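Participant: Please find one structure pasted underneath; my questions will follow.
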Amino acid sequence: MRGGAWLSSWTICFAVGVVFLTTCAQQVYAFRMEGYLRSHLYLRQERLRDPDEEYYLPIRQYMTLHLSEFSQPGWSFHSSGWVRQDLTNDESDYAFHRADDSFESELLTGYLEYRDPNRFENYARFGRQYVFWGGIYERFDGATISRELPGGHGWALFGGIPAISDYDNSRTRNRVGGARVWFRPVLGSELGFTYVRKTEAGDLDREVWSQDFFWRPCHWLEISEHASYDDITDTVVDWAVYAALKPHHTMKLSFSYDESIPGALLPATSILSVFSNDKIQEFAVGLDWYPDPNWSAWAEVVNYNTESPGGKFPEHRVDGRSYWEYRLGTRYYYADDAHMSLELRHVDPPERGIPFVEGSDEYESIDNGFDRLRFTNHCWLNEMCWTSFDVGATHYRDGVNGSRQSFDVSTTLGFRPSSRLEASATLRYVDSAVDNTEFQGLFTVTYWFDRRIKNGVTQDLLLERDHRDSRWRPHTTLPVERKYSGNRIE
């Protein structure tokens with residue numbers, strides 16, 4: 001068992017104990033149990049250019065569980081996690097390979113919560129949990145308390161052991177904690193201040209102060225702002241503003257500016273600290289248009305400016321040069337919960353940057369421009385079966401591995417006989433200049449449950465819900481390498 005895993009096991013046992021005791025006492029107590037079980041069987045065949053072939057076949061089980069509506073008002077329990085078993089070798093989780101064996105597991109959340117029945121905004125949480133406060137993102141094992149005062153003002157505190165250090169033997173010496181206060185000076189606004197402090201093995205690792213502001217004075221105008229200051233480096237590491245304007249009920253115009261130093265908070269021992277002083281500036285203008293209830297279109301222009309002082313290595317310095325990205329897209333709903341969409345992206349950065357491998361032309365450079373077109377379609381075939389289709393094509397400005405083209409196509413067939421159960425199968429073919437040619441397959445089975453139990457009588461709440469309800473739309477994303485996409489407020 002890995003270092004720190006004892007705490008995860010303890011939390012899992014605690015969760016199981018809560019479920020067991022609650023179930024045994026169902027003759028006396030009332031509660032509601034809802035969530036889902038989802039099983040993924042993922043197949044990946046990679047055709048390398050040597051020309052050997054590699055196969056990956058992991059099976060992953062996800063679970064989310066919520067217990068609420070106890071006879072004691074205000075109390076609830078929430079948990080989520082996954083386990084993975086490799087059926088072929090030790091490298092099925094190839095994008096996030098961290099284990100020395102073919103079995104991995106992780107408890108994502110597992111906490112007990114109390115909310116004031118008379119004031120829902122006041123709550124306390126105990127266990128593994130997340131906090132998202134004014135730009136602060138933490139997952140930890142500990143406690144959180146939040147209280148809202150009259151007038152909408154409030155404060156919150158959290159503290160515990162960072163959960164991100166599950167694989168660190170010194171985890172018991174790691175600590176994270178912070179606080180937040182917020183005010184609502186005018187109607188529709190909120191001004192907040194957040195502080196977080198984190199130590200690794202007793203040494204200060206991160207200390208950040210954040211400020212955020214949100215204001216919606218009317219239904220057609222929205223303004224937000226956020227800033228973060230790193231006390232260790234004495235630097236403003238993130239500053240962003242956003243404004244959205246709806247001049248007409250069929251149109252939304254948005255403006256945003258973000259200036260950040262993503263690597264400033266990395267430990268000095270990190271290999272990525274070579275780029276720790278890199279500053280990224282991003283300015284975007286977007287237009288969303290809804291000419292018809294069944295038709296929407298969007299356009300966005302983004303300007304990037306990246307300057308790389310080079311961190312500890314001046315030879316990696318790259319002077320800032322701005323470039324543009326253009327995005328166009330449209331979506332049309334042509335039947336009940338059926339739609340098709342088309343999106344085009346054009347990126348043309350300057351021919352300067354740091355290649356992934358210095359001095360090698362076989363790997364893509366981070367400054368390579370491209371044009372990308374993607375078409376998707378999803379529709380129900382009948383009351384129980386649905387299908388989706390996705391195709392994408394990319395043309396690179398500079399050759400990658402001797403090619404300028406990439407192509408991928410996938411199709412999914414789903415079967416949902418009831419609001420409780422869904423099975424889907426996805427097949428994907430990728431002919432990529434960057435990631436090699438490969439086949440991918442995903443078979444998914446999902447079981448939802450939502451039951452209210454009172455004095456031994458069980459009520460199935462899913463029977464009251466249409467099995468084609470939008471809440472249960474298909475989950476067909478293949479577990480391939482994660483890609484970052486900027487936030488968009490819809």
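Participant: At pLDDT below 90 and either of a type outside the set (A, V, I, L, M, F, W, C) or closer than 30 Å to Asn368 by Cα (or both): does that describe Thr458?
Facilitator: Spelling it out, Thr458 is indeed at pLDDT below 90 and either of a type outside the set (A, V, I, L, M, F, W, C) or closer than 30 Å to Asn368 by Cα (or both).
Participant: Shifting gears a bit: I'm checking my understanding of the structure. Among residues of the range 363-377 that are at pLDDT below 90 and surrounded by 15 or more Cβ atoms within 10 Å (Cβ to Cβ), which one is nearest to Asp348 (Cα to Cα)? Before you say what the answer is, go through the steps one by one.
Facilitator: Residues of the range 363-377 that are at pLDDT below 90, as a first pass: 363-370.
Right, trim to surrounded by 15 or more Cβ atoms within 10 Å (Cβ to Cβ) and you get 364-365, 367-370.
Working: Glu364: 14, Ser365: 13, Asp367: 8, Asn368: 7, Gly369: 4, Phe370: 7 Å.
Checking each candidate, the answer is Gly369.
Participant: Could you check the range 201-257 and list, in sequence order, the residues that are modelled with pLDDT of 90 or more and among the hydroxyl-bearing types (Ser, Thr, Tyr)?
Facilitator: Ser210, Ser224, Ser228, Tyr229, Tyr242, Thr250, Ser254, Ser256, Tyr257
Participant: Would you please list the contacts, defined by Cβ atoms under 7 Å and residues six or more apart or on different chains, that run from a residue in the range 155-168 that is of a type in the set (Phe, Trp, Tyr) to a residue that is surrounded by fewer than 16 Cβ atoms within 10 Å (Cβ to Cβ) and modelled with pLDDT under 85?
Facilitator: From the range 155-168, the pairs are Tyr167/Arg2; Tyr167/Gly3; Tyr167/Arg98.
Participant: With the requirement that a residue be more than 22 Å from the chain's Cα centre (by Cα), over 12 Å from Ser39 (Cβ atoms), not basic (Lys, Arg) and not in a loop (DSSP other than H, G, I, E, B), what does the range 420-439 give you?
Facilitator: Hits for the range 420-439 are Ala425, Leu427, Tyr429, Val430, Asp431, Ser432, Asn436, Thr437, Glu438, Phe439.
Participant: Oh, and also: List pairs: first residue in the range 102-114 and crowded, with 19+ Cβ neighbours inside 10 Å, second residue of a type in the set (Asp, Glu) anywhere in the structure, Cβ distance under 7 angstrom, at least six positions apart or on different chains.
Facilitator: From residues that are crowded, with 19+ Cβ neighbours inside 10 Å, the pairs are Glu104/Asp93.
Participant: Which residues, taken from the range 279-327, are surrounded by fewer than 18 Cβ atoms within 10 Å (Cβ to Cβ), modelled with pLDDT under 85 and among the basic types (Lys, Arg)?
Facilitator: Lys312, Arg317, Arg321
Participant: Right, here's the next one. Which is closer than 28 Å to Glu343 by Cβ and touching a Pro at 6+ places or on another chain (Cβ under 7 Å), of Ser410, Ser406, Ser424, Ser432? So that I can check it myself, show each step before the final result.
Facilitator: Values: Ser410 fails: touching a Pro at 6+ places or on another chain (Cβ under 7 Å); Ser406 fails: touching a Pro at 6+ places or on another chain (Cβ under 7 Å); Ser432 fails: touching a Pro at 6+ places or on another chain (Cβ under 7 Å).
The match here is Ser424.
Participant: Of Gly202, Gly188, Gly192, which residue is surrounded by 13 or more Cβ atoms within 10 Å (Cβ to Cβ), at positive phi and not aliphatic (A, V, I, L, M)? Write out each step before concluding.
Facilitator: Working: Gly202 fails: surrounded by 13 or more Cβ atoms within 10 Å (Cβ to Cβ); Gly192 fails: at positive phi.
From the options Gly202, Gly188, Gly192, the qualifying one is Gly188.
Participant: Look through Val176, Val186 and report the one residue that is part of a strand (DSSP E or B), of a type in the set (Val, Ile, Thr), without any contact (Cβ under 8 Å) to a residue 60 or more places away in the chain and in contact with a Pro (Cβ under 8 Å, 6 or more places away or on another chain).
Facilitator: Numbers: Val186 fails: part of a strand (DSSP E or B).
Of Val176, Val186, the one residue that is part of a strand (DSSP E or B), of a type in the set (Val, Ile, Thr), without any contact (Cβ under 8 Å) to a residue 60 or more places away in the chain and in contact with a Pro (Cβ under 8 Å, 6 or more places away or on another chain) is Val176.
Participant: Next up: Out of Ser360, Ser276, I need the residue that is modelled with pLDDT under 80, out of contact with any helix residue (DSSP H, G or I) (no Cβ under 8 Å at 6 or more places or on another chain), polar (S, T, N, Q) and farther than 30 Å from Glu222 by Cα. Which one?
Facilitator: Values: Ser276 fails: out of contact with any helix residue (DSSP H, G or I) (no Cβ under 8 Å at 6 or more places or on another chain).
Only one candidate passes the filter, namely Ser360.
Participant: How many of the residues in the range 431-461 are touching a helix residue (DSSP H, G or I) at 6+ places or on another chain (Cβ under 9 Å) and buried (at least 17 other Cβ atoms within 10 Å of the Cβ)? Talk me through it step by step, then tell me what you get.
Facilitator: Looking only at the range 431-461, we keep the residues that are touching a helix residue (DSSP H, G or I) at 6+ places or on another chain (Cβ under 9 Å), and these are 446, 448-453.
Imposing the further condition that a residue be buried (at least 17 other Cβ atoms within 10 Å of the Cβ) reduces the set to 446, 448, 450, 453.
The qualifying residues number 4.
Participant: Continuing with this model, one more query. Mind listing whichever residues of the range 115-137 are under 23 Å from Asp212 (Cβ atoms), modelled with pLDDT of 90 or more and crowded, with 19+ Cβ neighbours inside 10 Å?
Facilitator: Once the filter is applied, which keeps residues that are under 23 Å from Asp212 (Cβ atoms), modelled with pLDDT of 90 or more and crowded, with 19+ Cβ neighbours inside 10 Å, the range 115-137 yields Arg125, Gln129, Val131.
Participant: Still on this structure: Of these, Ser39, Ser92, Ser79, Ser8, which one is at pLDDT 55 or above and either surrounded by 17 or more Cβ atoms within 10 Å (Cβ to Cβ) or part of a loop (DSSP other than H, G, I, E, B) (or both)?
Facilitator: On the way: Ser39 fails: either surrounded by 17 or more Cβ atoms within 10 Å (Cβ to Cβ) or part of a loop (DSSP other than H, G, I, E, B) (or both); Ser92 fails: at pLDDT 55 or above; Ser8 fails: at pLDDT 55 or above.
Exactly one of Ser39, Ser92, Ser79, Ser8 is at pLDDT 55 or above and either surrounded by 17 or more Cβ atoms within 10 Å (Cβ to Cβ) or part of a loop (DSSP other than H, G, I, E, B) (or both), namely Ser79.
Participant: Among the residues of the range 138-173 satisfying the criterion of being under 16 Å from Gly192 (Cβ atoms) and crowded, with 18+ Cβ neighbours inside 10 Å, which is modelled with the lowest pLDDT?
Facilitator: Glu138
Participant: Still on this structure, please answer the following. Quick check on my filter: what residues within the range 390-405 are at pLDDT below 80 and touching a Lys or Arg at 6+ places or on another chain (Cβ under 9 Å)?
Facilitator: So the first thing to find is which residues in the range 390-405 are at pLDDT below 80, and the list is 398-403.
Asp398, Asn401 - these are the residues of the range 390-405 that are at pLDDT below 80 and touching a Lys or Arg at 6+ places or on another chain (Cβ under 9 Å).
Participant: Return the total of residues in the range 171-192 being more than 24 Å from the chain's Cα centre (by Cα) and within 12 Å of His153 (Cβ to Cβ).
Facilitator: 8
Participant: Is it the case that the range 53-63 has a residue that's surrounded by fewer than 16 Cβ atoms within 10 Å (Cβ to Cβ), touching a Leu at 6+ places or on another chain (Cβ under 9 Å) and modelled with pLDDT under 80?
Facilitator: Yes, some residue in the range 53-63 is surrounded by fewer than 16 Cβ atoms within 10 Å (Cβ to Cβ), touching a Leu at 6+ places or on another chain (Cβ under 9 Å) and modelled with pLDDT under 80.
Participant: Also: Working only within the range 405-418, note down all residues that are within 17 Å of Arg374 (Cα to Cα) and not hydrophobic (A, V, I, L, M, F, W, C). Quick ask: steps written out before the conclusion?
Facilitator: Residues of the range 405-418 that are within 17 Å of Arg374 (Cα to Cα), as a first pass: 405-412.
Gln405, Ser406, Asp408, Ser410, Thr411, Thr412, listed by residue number.
The values are calculated or read from the model by the stated rules, or taken from the named source; none is laboratory data. Please read these numbers as outputs of a predicted model, since none were measured by experiment. Positions of Cβ are generated from backbone atoms using ideal geometry, with glycine treated the same way; all protein chains shown enter the neighbour counts.
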